[in-house]
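Nothing in this text is a laboratory measurement; each read-out follows from the coordinates by a stated rule. No experiment lies behind these values; they were computed from the predicted model shown. Glycine also receives a Cβ, built like all others from the backbone with ideal geometry; neighbour counts cover every protein chain displayed.
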């Protein structure tokens, strides 16, 4: 299952990596402190473990049964316009009103990522393991609201 996801979503992830991410812009950020396992569990209806850092600018939380993964990544706002305008083959963008200064979903096949710009940071929310796309998008939005309320 993971290999199928990786094959389908890898081009979009590589494109994001090539946007010129600046680690200096996110110095001091602690993504694993922006959500709690309890918040994620309440949103997705399963117990989640503690957040595991993804480098210095991301965090990942995992539930064993059903198997789900939530990731949160932080990006500098200078990349926002390129992220929003990036139109990779097979992707669609959809506005996500009411979140931060601006927000949108990008969908590749059945995978959706929520991008939220708030002040000096762009937040990327991704929920893996939820087969219903509307539920996935709803969960990503709820998690974004939790983070924004904490800022």
Discussion item. Counting just the Cα atoms, what span does region 101-151 cover along each of its three principal axes? Round to the nearest Å and put the largest first.
Written reply: 31, 18, 13
Item to complete: In nm, give the distance between the simple-model label positions of residue 149 and residue 38, each being 7 Å from the Cα along the Cα-to-Cβ direction.
Response: 1.2 nm
Item to complete: Kindly provide the pair-distance distribution of region 30-76 built from C-alpha pairs, with 5 Å bins from 0 and whole-percent values in order of increasing distance.
Response: 5, 26, 33, 20, 12, 4, 1
